[in-house]
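What follows is a short report on a single structure.
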Amino acid sequence: MKEKITEIFTKFTDERDNLIPLLQKIQEELGYLPEESLKEVAKFLHIPESEVFGVGTFYSQFKLKPGGKKTVVVCRGTACHVKGGARIQKDIEKMLGVAPGETTPDMEYTLETVACIGACALAPNVVVDKEIFGQVNARKIKEMFAPAETGTTQD
Amino acid sequence: MTFEDIRAAAINEWDSLEKSDQVRIYLGSATCGRAAGAKTISDELEEELQKRNISAVITQVGCIGSCYLEPLVDITKPGKPRISYGNMTPKKMVELVDDYIVNDNPRPDLALGSIGEGSVEGITDFFQTPMLKSQVRIILRNCGFIDPEKINHYIARGGYSGLVRTLTMTPDQVIEELKKSGLRGRGGAGFPTGQKWEFCQRAPGNEKYIICNADEGDPGAFMNRSLLEGDPHSVLEGMVIGSHAIGASQGYIYCRAEYPLAIERLKIATDQMRKYGFLGKNIMGTGHNFEIVIKEGAGAFVCGEETALMASIEGKRGMPRPRPPFPAIAGLWGKPTNINNVETWAAAAVIMQRGWEWYSQFGTEKSKGTKTFALVGKIERTGLIEVPLGMTLRSIIYDIGGGVLDGKEFKAAQTGGPSGGCLPQSNLDSPVDYESLAAAGSIMGSGGMIVMDENTCPVDIARYFISFTQGESCGKCVPCRLGTRQMQKILQRICNGNGEQGDIEKLQKIGETVKTGSLCGLGQTAPNPVLTTIRYFRDDYEAHIHDKKCPSLTCKDLIRFYILPDKCQACLICLRNCPAEAILGGKRMIHVIDQDKCTKCGTCFDVCPKKFDAVVRVTGEKLDVPDEPVPMLAGKA
């Protein structure tokens, strides 16, 4: 991990406004932001660890814990809401047995919500690993996640 | 190379595509097209063409805005107008290759319309179809037509001529032109753009910044995404124009990380600009220097607020600060900064291309020009539209949008996202402009327009928006942090059927306090969805609180589903489809819903064949139906 972070640092200068892009790059490489990496970033940018931690916890994009193999994101935009997005979210929560922000114990799925992905015409939407599934309903959700224990996804 | 040389080469490239003797195929490949399956269509197309040994020019274009018809494919055969086909499937694609490309049958049964000169029998002009007919597409003129990754396409259609003109003018002349055009900020507040530029231009200081706010955070809005994905150069041209007028040498685009395709296309576009000398040092030989940096947001709605956005660019937590000083005096790193929305920059570019007189012919006295809207929700034709300001809500919803989905009754249109409000039926005939929307208690906002029908509960919508703003409140100031929390708690209990006498008044009182006392735009507008729904739909609130009823049949805790024994034909459809396995019954046994197991997802209601119509949704009452499946009466089918 340390080598990876050091390598990332070579692509950045130590200016303060690089903090967010740096954290984004580290998360892209490691999948999340380990505590150690936050400390390294603080040293690299010559700022207190508390500031790095403050930024890391402020933005919803940053994860301080490792996530599952697949990330399921339920869109909670207005168009999705009026077309039943809240129920879709509840169904998925029930199916996977986790709340938004949590990961299934088998580390298969991490469930998240997003304010809006901007694909409102296809509402309600669910994104699995960056692939958008539009016009989902209770039945489609069941098909997508029913065999959650075995971790297979069907389209 | 002079601009004339660049333009001649660009027109040449565009013409060779437009007048090519090959078949041209245009694939809608913005995010929504991709989500609807554009990739599968494109794979299928390439395979079919290869099988038949046909060479064709395939161009990836942005979104024409008819999202409900995605995936869209356009085909142009030499000497024929372009024909659009919607809701494509791999099967339809194969048919079109055979029927139209190989043979010469344009399949009018599958076509949406033709575009451009000439006509094809049986196919109407696409721009005369109801959705496009009353639109005025200025900002979106190139979306769906050009390849957004080719700067020459943009230039061939008049692009960067506004920049060239700007560079022959003094900054004061440019600002004057903007002022005369009547352009107002498209981010929502509607501040006159020319005046805003002037403030920053006149501010003391040698180092100035400009920012493009592409942190389109309003749920239900995707105008900026579509524009950046479909025509990024129009926004960038506007920024370079602004840099000259304001005297800035550094610009930033702050774009949501949720829009990866927009970011990718912006990066491609800025690289192309540098090659042509539209960006960088000594722009077009005039001595003007300007650079653009693209900053990715990290998922915080509050960063759409200008002072929070600047804090985020500086690498800090995105928390707003009090104004004054305004960004025009002390913005990014304490220097004078001008910040505009994506659409405003694009409008500035087109104004400089075509002149203020041309632009100001559209719109109303006080609200000039056009505005893009994301028309979504319970509407027949969802999509991205652009209309002159001042058009009535009715024209937008019924003429362009085709009316409420499934012929249901219009209840309200929500504009301005979490900062806006609901416009009820009585507002259908008022014009959509800055003043009229404000008078109705809403705001123009960035352009989200969500249509609600009789089955959308205004109380639930208010709860939804306040939960959103509550979650996104940065927590810096007390009225926003605690006020929205209290409002959310009250709305939650009303929706759950635990509302109390006096809750409406409490909501109003807290709402007014949050509006007056909050530090930034997020808190100052957060109560709007609640206050406007109380203003227009007070009866719904009363019904939830006093009668424990949800008249729109939406709030889960206040509704129940039943299967009517005299209508049920024991067809097993609902039973098989119920995701909660809450339906009991069998062959020739009337089905029954186990109310304890029912999650009220509504699947049974949706799947019950219309001819039976046996599932009902009720509020505030219990129906006297059997608890257990009973045999069907003799003599019934």
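The values are calculated or read from the model by the stated rules, or taken from the named source; none is laboratory data. A quick note: this is a predicted structure, and the numbers were derived from the prediction, not measured. Here the Cβ positions follow ideal geometry from the backbone for every residue, glycine too, while neighbour counts run over all protein chains shown. Ligands, DNA and RNA are stripped out before the accessible areas are found, and what is left, the full protein with its side chains, is counted by its heavy atoms. Shrake-Rupley method; radii C 1.70, N 1.55, O 1.52, S 1.80 Å.
B:GLY331: modelled with pLDDT of 95 or more, closer than 18 Å to B:MET449 by Cβ and not aliphatic (A, V, I, L, M), yes or no?
Taking the combined requirement at face value, the residue does not satisfy it.
Determine the pairs where a residue that is without any contact (Cβ under 8 Å) to a residue 24 or more places away in the chain, located within the stretch B:477-493, has a partner that is surrounded by 16 or more Cβ atoms within 10 Å (Cβ to Cβ) and charged (D, E, K, R) with Cβ atoms under 6 Å apart, the partner being 6 or more residues away or on another chain.
B:ILE490/B:ASP503
Residue-by-condition table, conditions (1) open to solvent by 10 Å² or more (accessible area, probe 1.4 Å); (2) in contact with a Gly (Cβ under 6 Å, 6 or more places away or on another chain):
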{"residue": "B:LEU178", "(1), (2)": "no, yes"}
{"residue": "B:PRO192", "(1), (2)": "yes, no"}
{"residue": "B:GLN195", "(1), (2)": "yes, no"}
{"residue": "B:ALA214", "(1), (2)": "no, no"}
{"residue": "B:LEU228", "(1), (2)": "no, no"}
{"residue": "B:GLY238", "(1), (2)": "no, no"}
{"residue": "B:LEU261", "(1), (2)": "yes, no"}
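Given the options B:ILE397, B:ILE443, B:ILE450, name the one that is within 16 Å of the chain's Cα centre (by Cα), open to solvent by 10 Å² or more (accessible area, probe 1.4 Å) and among the aliphatic types (A, V, I, L, M).
Just one listed residue meets the conditions, B:ILE443.
Could you pull out the residue among A:LEU19, A:LEU33, A:LEU23 that is more than 8 Å from every other protein chain (Cβ to nearest Cβ), within 21 Å of the chain's Cα centre (by Cα) and open to solvent by less than 70 Å² (accessible area, probe 1.4 Å)?
Testing whether each residue is more than 8 Å from every other protein chain (Cβ to nearest Cβ), within 21 Å of the chain's Cα centre (by Cα) and open to solvent by less than 70 Å² (accessible area, probe 1.4 Å) leaves just A:LEU33.
Could you run through the stretch B:315-360 and say how many residues are surrounded by fewer than 20 Cβ atoms within 10 Å (Cβ to Cβ), touching a Ser or Thr at 6+ places or on another chain (Cβ under 7 Å) and farther than 20 Å from B:GLY390 by Cβ?
Result for the stretch B:315-360: 2.
Among residues belonging to the stretch A:1-25 that are among the basic types (Lys, Arg) and closer than 29 Å to A:TYR109 by Cα, point out the one that is modelled with the lowest pLDDT.
Here the residue is A:LYS2.
Would you please name the residue that is farthest from B:ALA298 (Cα to Cα), looking only at residues in the stretch A:54-64 that are more than 7 Å from chain B (Cβ to nearest Cβ) and in a loop (DSSP other than H, G, I, E, B)?
The extreme case among them is A:LEU64.
Quick check on the stretch B:457-476: of everything there that is open to solvent by 10 Å² or more (accessible area, probe 1.4 Å) and not in a helix (DSSP H, G or I), which residue is nearest to A:GLY84 (Cα to Cα)?
Of everything passing the filter in the stretch B:457-476, B:SER473 is nearest to A:GLY84 (Cα to Cα).
May I ask you to list the residues in the stretch B:197-207 that are open to solvent by 10 Å² or more (accessible area, probe 1.4 Å) and in contact with a Lys or Arg (Cβ under 7 Å, 6 or more places away or on another chain)?
Within the stretch B:197-207, B:GLY205, B:GLU207 meet the criteria.
Hey, among the residues in the stretch A:65-89 that are facing chain B (nearest Cβ under 7 Å) and of a type in the set (Val, Ile, Thr), which one's least open to solvent (accessible area, probe 1.4 Å)?
So the residue we want is A:THR78.
For A:ARG139, state whether it is facing another protein chain (nearest Cβ under 8 Å), open to solvent by 20 Å² or more (accessible area, probe 1.4 Å) and touching a strand residue (DSSP E or B) at 6+ places or on another chain (Cβ under 6 Å).
Judged against the criteria, A:ARG139 is not a match.
Within 11 Å of another protein chain (Cβ to nearest Cβ), in a helix (DSSP H, G or I) and modelled with pLDDT of 95 or more: which single residue out of A:GLU28, A:GLU40, A:GLU51 fits that description?
One residue alone meets the criteria, A:GLU51.
Hey, which of the helices (runs of 4 or more DSSP H) in the stretch B:159-249, taking only ones fully inside, have at least 1 residues that are away from chain A (no Cβ under 14 Å) and under 23 Å from B:GLY144 (Cα atoms)?
B:161-167, B:232-246
Could you say which residue among B:ALA300, B:ALA330, B:ALA348, B:ALA311 is closer than 26 Å to B:ILE139 by Cβ and in the same structural domain as B:TRP197 (by TED's automatic domain parsing)?
B:ALA348
Is it true that B:ARG535 is at pLDDT below 95, outside the structural domain of B:GLY420 (by TED's automatic domain parsing), surrounded by fewer than 17 Cβ atoms within 10 Å (Cβ to Cβ) and not in a loop (DSSP other than H, G, I, E, B)?
no
In the list B:PRO424, B:PRO479, which residue meets the criterion of being within 19 Å of B:LYS515 (Cα to Cα) and either open to solvent by 10 Å² or more (accessible area, probe 1.4 Å) or touching a strand residue (DSSP E or B) at 6+ places or on another chain (Cβ under 6 Å) (or both)?
B:PRO479
If I filter the stretch A:90-111 for residues that are open to solvent by less than 30 Å² (accessible area, probe 1.4 Å), touching a residue at least 40 places away in the same chain (Cβ under 8 Å) and over 18 Å from the mean Cα position of the chain (by Cα), do I get at least one hit?
yes
Among the listed residues A:PHE62, A:PHE44, A:PHE58, identify the single one that is touching a helix residue (DSSP H, G or I) at 6+ places or on another chain (Cβ under 6 Å) and open to solvent by 20 Å² or more (accessible area, probe 1.4 Å).
Selected residue: A:PHE44, the only one of A:PHE62, A:PHE44, A:PHE58 that is touching a helix residue (DSSP H, G or I) at 6+ places or on another chain (Cβ under 6 Å) and open to solvent by 20 Å² or more (accessible area, probe 1.4 Å).
State which residue is most open to solvent (accessible area, probe 1.4 Å) when the search covers only the stretch B:575-630 and only residues that are among the charged types (D, E, K, R) and within 14 Å of chain A (Cβ to nearest Cβ).
Result: B:ARG576.
Give the residue, chosen from B:ALA311, B:ALA298, that is touching a Lys or Arg at 6+ places or on another chain (Cβ under 8 Å) and within 13 Å of another protein chain (Cβ to nearest Cβ).
None of the other options fit; the residue is B:ALA311.
Does at least one position in the stretch B:28-40 carry a residue that is within 32 Å of the chain's Cα centre (by Cα) and away from every other protein chain (no Cβ under 14 Å)?
No, the stretch B:28-40 contains no residue that is within 32 Å of the chain's Cα centre (by Cα) and away from every other protein chain (no Cβ under 14 Å).
Would you pick out the residues in the stretch B:196-221 that are out of contact with any Leu (no Cβ under 7 Å at 6 or more places or on another chain) and among the aromatic types (Phe, Trp, Tyr)?
Once the filter is applied, which keeps residues that are out of contact with any Leu (no Cβ under 7 Å at 6 or more places or on another chain) and among the aromatic types (Phe, Trp, Tyr), the stretch B:196-221 yields only B:PHE199.
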